[in-house]
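The values are calculated or read from the model by the stated rules, or taken from the named source; none is laboratory data. In this text the structure is predicted, and so the values were computed from the model without any measurement. Cβ atoms come from the backbone with ideal geometry, glycine included; neighbour counts cover every protein chain shown. For accessibility, only protein heavy atoms count, side chains too; no ligands or nucleic acids. Shrake-Rupley method; radii C 1.70, N 1.55, O 1.52, S 1.80 Å.
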Amino acid sequence: MSVKPAPQAADLSELEKPILELEAQIRTLEVDPGRSKEREKLQRKLDKMKAEVFAGITDWQRAQLARHPRRPYTLDYIERICDRFEEIHGDRAFGDDSAIVGGLGWIGGQPLMIIGQQKGRDTKQKILRNFGMPRPEGYRKALRLMKLAEKFRRPILTLIDTPGAYPGVDAEERGQAEAIARNLLEMAKLKVQVVAAVIGEGGSGGALALGVADRLLMMEYATYSVITPEGCASILWKDAGQAPQAAAALRLTAPHLRELGVIDTIIPEPPGGAQMDWDGAAQNLKQAVLQAFAELASAGPEELLETRYQKYAKMGSVGS
Amino acid sequence: MSWFIKKRQQKTAVEARTVRVPEGLWIKCDACRELIYRAELVNTRNVCPKCGYHFRIGVEERLASLLDPGWTVLFSHLRSVDPLGFVAAKSYAEQLRKLVESGQTEEAVVVVEGRLEGREVVLAAMNWDFLAASMGSVVGEKLRLGAERALEKACPYLIVSCSGGARMQEGTLSLMQMAKVSAALAKLDRAGIPYLSILTDPTTGGVSASYAMLGDLNIAEPKALIGFAGPRVIEQTIKQTLPDGFQRSEFLQAHGMVDKVVTRTELRRFLALTLAWMAGEGAPAAE
C-alpha cells in the first residue's frame with residue numbers, strides 16, 4: 001500500500017495568493033492621491049514579500065511558474081523587444097503551424113529572424129496554437145525561415161516555450177521525428193549567429209528543435225527538460241502525483257542547467273516572476289539577447305560552426 | 001433522355017471576366033455586388049471599399065502602384081513568333097498580328113528597372129491583356145534577362161505574376177520556359193540576391209509551378225486564385241464541387257505555400273520593408 005506523501009511544498013497558487021491580494025490592495029489605493037504614503041508602504045511590503053517568497057521556491061514551483069497562465073509568451077516578448085516585426089507563414093510544403101511563429105524582426109535597429117513556439121492565452125487561442133505544441137510543419141517552417149536568414153546573413157533568435165512537440169497521429173504521419181532531427185542537423189550548419197532563449201517551458205525534443213545555438217539563454221524561472229515532471233513521475237514512479245519529486249530530480253531549472261553546462265546565461269526575471277511584469281521581463285530578455293549577439297558579432301561563418309560544434313561536443317557527463 | 005438532365009452549371013471562366021474595371025460612373029463589385037463610385041476606386045488602387053475585393057489591374061497601374069515615378073522598360077524589342085505554325089479555332093500567327101495591331105506591343109510580361117521607395121530593383125509584371133498573360137518563349141526570355149539584369153546590378157528582382165499558364169500555342173517550348181526562368185532564379189539564389197514573388201489573381205498552371213512559387217518570399221494579394229490545375233479542371237476530374245475559398249490566397253497561406261497575404265494598398269510598404277531586412281538595414285519608418 002502506497003501512501004501519498006503530503007506535498008512537501010505548497011502549489012504555486014498558494015504561494016502567490018498573499019502577493020496577489022496585496023497587489024489588489026495597492027491598486028485600490030492608486031485612485032486616491034491622498035493615500036500615497038500608505039500605498040508606498042504597502043509597495044515596499046510587497047517587494048519584500050516577493051523576494052522572500054521566491055527566494056525559497058522549490059523546483060516544482062518553478063516548473064509551475066514556467067507554465068504560469070499569465071506568463072508572457074513569444075509574441076508578447078516580440079511585441080516588446082522588437083522595433084518592428086512582420087510575421088511570415090508556412091513551410092512551403094504542407095501547412096502553416098500556428099504553434100510556431102516566425103518572421104522578420106528588428107531589435108535595436110538590427111534586422112534579424114525571430115522564431116518561437118507560441119502558446120494561447122484563452123481557450124480559442126489555446127486551440128489555435130495547439131497549446132504551444134508544434135507539428136512537423138511548424139518545425140519545417142522554422143527551418144525554412146532559418147535558411148532564409150542564412151541566405152541574407154541575418155542572425156537568428158529563437159524563443160523556446162513548449163510543453164513538447166505535438167504527440168498526435170497526423171504529426172507522426174508527417175514525420176515529427178524527422179522534422180525535429182532535420183532541424184538539429186541544419187541548425188548545426190547555419191552560417192549565421194544563432195541565439196536561443198528558453199522563456200517558459202523547454203519541453204524536450206520539441207524545444208531542442210529550435211534550440212541548437214551559439215548561445216543558449218534561459219529566463220530565471222524557465223525550465224528545460226528531457227521530459228515533464230508529470231511524465232517522468234508516471235513512468236519512473238508509476239505515479240504522476242510524484243511530479244514534485246521528479247521536478248527536483250530532473251534538475252530542470254536554470255540554476256541547475258547553468259551548473260551542468262547546458263545553458264550559458266540566466267536572464268533575471270522581475271521580482272515574483274515574469275508574469276508579474278511583462279515589460280520588465282522583456283527588457284531583461286532584450287538586453288541579454290543584444291549582449292549575446294554582440295559577443296558573437298565578430299565571428300566568421302567557419303569560426304561560428306566550429307565553436308558551435310565544440311560547444312555541443314562538450315555536453316554530457318562521461319566517466320572513465 | 002439527356003434533354004431533362006440539368007446541365008452542370010459552368011462557372012464563369014476566369015478568362016471571360018473583365019480585366020480592367022469597366023468604364024462608367026458606377027461600378028458593381030464582382031464580389032459583393034455593391035455599387036461603387038468609380039472615382040473612389042482610383043483612390044483605393046482598385047480595391048472595393050466595401051468588401052476589399054481586388055479588381056484586376058493592368059501593367060501600367062501595377063508599376064505605378066509599386067515603383068517610384070520614372071522607370072525604364074527593358075527588352076521590349078522581343079516579339080512572339082509562331083514556331084509551330086499553330087492553328088486551333090484561331091491561328092496563333094493571326095492572334096499575334098491582331099494583338100500588335102491593337103497596340104499590344106509589350107507581350108505578356110513587362111520588365112522594367114526602377115526604384116521601389118528609393119531602392120533599385122528589376123521588376124517584371126505580367127500582362128493579362130496579352131493572351132491571358134500566358135507564358136511563351138518571349139515571357140521566358142524576358143524574365144530570364146530580367147534575372148540577369150538583377151544579377152549584374154546586384155539588386156532585388158521582383159515578379160508580379162498573373163497568368164493562365166504556359167502558352168499552348170508554342171507547345172513544349174513554352175513548357176521549357178518554366179525550367180529556363182527557374183534556372184535563372186537559381187543563379188540569383190546562389191548570388192544571395194533577393195527574389196520576391198507577388199502572386200495576383202489569377203496565377204495558375206506552369207507559372208504557378210515555376211517562378212511564382214520560388215520567391216524568397218511568396219506574397220499574394222487577397223483572394224487571388226492561385227493553383228496548378230484550374231478549379232474547372234479539378235471539378236471536372238473529381239466530379240465534385242469545390243469548397244468556397246479553395247485555391248485562394250488565404251487557402252494557400254494556410255497550406256504553407258504563400259508566406260503572407262498583403263493588400264494592394266500595403267504592398268509597396270511591405271516590399272520595401274522586407275527588402276530593407278534582406279539588405280541588413282534598419283526598418284523604414286512606418287507611414
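Annotations
- Remark on the stretch A:281-320: ratio of C-alpha radius of gyration to 2.2 N^0.38 Å is 1.60.
- When the P(r) is computed for the protein assembly as shown, the part past 39 Å accounts for 41% of the Cα-Cα pairs.
- Using the Stokes-Einstein relation with a Kirkwood hydrodynamic radius computed over Cα pairs, the translational diffusion coefficient of the stretch A:187-318 at 4 °C and a viscosity of 1.567 mPa s comes to 82 µm²/s.
- Peptide ranges B:33-45, A:95-107 listed from the most packed, as the mean C-beta count within 10 angstrom indicates: A:95-107, B:33-45
- The alpha-carbon atoms of the stretch A:27-142 define a convex hull whose volume equals 171 cubic angstrom per residue.
- Shielded by partner chains, the stretch B:247-267 residues - at least 20 Å² of accessible area, 1.4 Å probe, vs chain alone: B:GLN253, B:ALA254, B:HIS255, B:GLY256, B:MET257, B:ASP259, B:LYS260
- Taking the protein heavy atoms of the stretch A:14-56 in the context of the full set of protein chains, the accessible area attributed to carbon and sulfur is 51 percent at 1.4 Å.
- Screening chain A for whole DSSP H helices with an alpha carbon extent of at least 24 angstrom along the helix axis and a mean Kyte-Doolittle hydropathy of at least -1.0 yields A:12-30, A:278-296.
- Alpha carbon centroid spacing (whole Å) that separates the stretch A:55-123 from the stretch B:143-176: 38
- Å³ per residue enclosed by the Cα convex hull of chain B: 164
- With every protein chain in place, chain B: carbon and sulfur % of accessible area (1.4 Å): 56
- Value of relative contact order over the stretch B:154-250, rounded to a whole percent, pairs C-alpha under 8 Å and six or more apart: 29
- Delta accessible area of at least 30 Å² on complex formation, residues of the stretch A:150-174, 1.4 Å probe, chain isolated as reference: A:LYS151, A:PHE152, A:ARG154
- Residues whose placed amide H lies under 5 Å from that of B:ASP82, excluding near-sequence neighbours: none
- Centre-to-centre separation between the Cα atoms of the stretch A:133-176 and those of the stretch A:241-314: 20 Å.
- With all protein chains kept in place, the per residue accessible area of the stretch A:236-292 amounts to 47 square angstrom at a probe of 1.4 angstrom.
- Centre-to-centre separation between the Cα atoms of the stretch B:185-251 and those of the stretch A:185-233: 35 Å.
- Accessible area expressed per residue, chain B, with surrounding protein chains retained (probe 1.4 Å, Å²): 47
- Loop-resident trypsin sites (Lys or Arg not before Pro) (DSSP state other than H, G, I, E or B) in the stretch A:244-319 with no more than 12 further Cβ atoms inside 10 Å of their Cβ: A:LYS314.
- On the basis of the beta-carbon distance and an R0 of 25 Å, A:ASP170 and B:VAL233 show a calculated FRET efficiency of 0.30.
- Take B:57-65, A:134-142 and order them by the average number of nearby Cβ atoms within 10 Å per residue, most first; the result is A:134-142, B:57-65.
- Among the cysteines of the protein assembly as shown, those whose beta-carbon sits 4.7 Å or more from every other cysteine beta-carbon are A:CYS82, A:CYS232, B:CYS155, B:CYS162.
- Accessible area buried between chains A and B, both sides summed, probe 1.4 Å, in Å² to nearest 100: 2200
- Take the Cα radius of gyration of the stretch A:14-56 and divide it by 2.2 N^0.38 Å, N being the number of residues; the result is 1.20.
- Rolling a 1.4 angstrom probe over the protein heavy atoms with all chains in place gives the stretch A:37-142 an accessible area of 42 Å² per residue.
- Shielding by other protein chains, A:80-88, mean Cβ within 10 Å: 3
- Calculated log₁₀ intensity ratio I(q)/I(0) where the Debye formula runs over C-alpha points of chain A, q = 0.11 Å⁻¹: -0.72
- The stretch B:215-287, Cα convex hull volume normalised per residue, Å³: 95
- Across A:LYS124/B:LYS260; A:LYS141/A:LYS189; A:LYS238/A:LYS314, pairs whose alpha-carbon gap is larger than 24 Å: A:LYS238/A:LYS314
- Bridging of B:LYS180 to lysines at a Cα separation below 17 Å is possible for B:LYS142, once same-chain residues fewer than 8 apart are set aside.
- Mean Cβ count within 10 Å, highest first, over the residues of peptides A:243-250, A:42-49: A:243-250, A:42-49
- The residues of the stretch A:91-109 occluded by other protein chains by 50 Å² or more of accessible area, set against the chain on its own, are A:ARG92, A:LEU104, A:TRP106; surface from heavy atoms, 1.4 Å probe.
- The stretch A:65-313, accessible surface, carbon-and-sulfur percent (1.4 angstrom probe): 55
- The antiparallel fraction among DSSP beta bridges confined to the protein assembly as shown stands at about 45%.
- When only Cα pairs below 8 angstrom with a gap of at least 6 residues are kept, chain B shows a relative contact order of 13 percent.
- Placed amide H near B:LYS223: partners under 5 Å, 5+ positions off or other chain: B:SER249, B:GLU250
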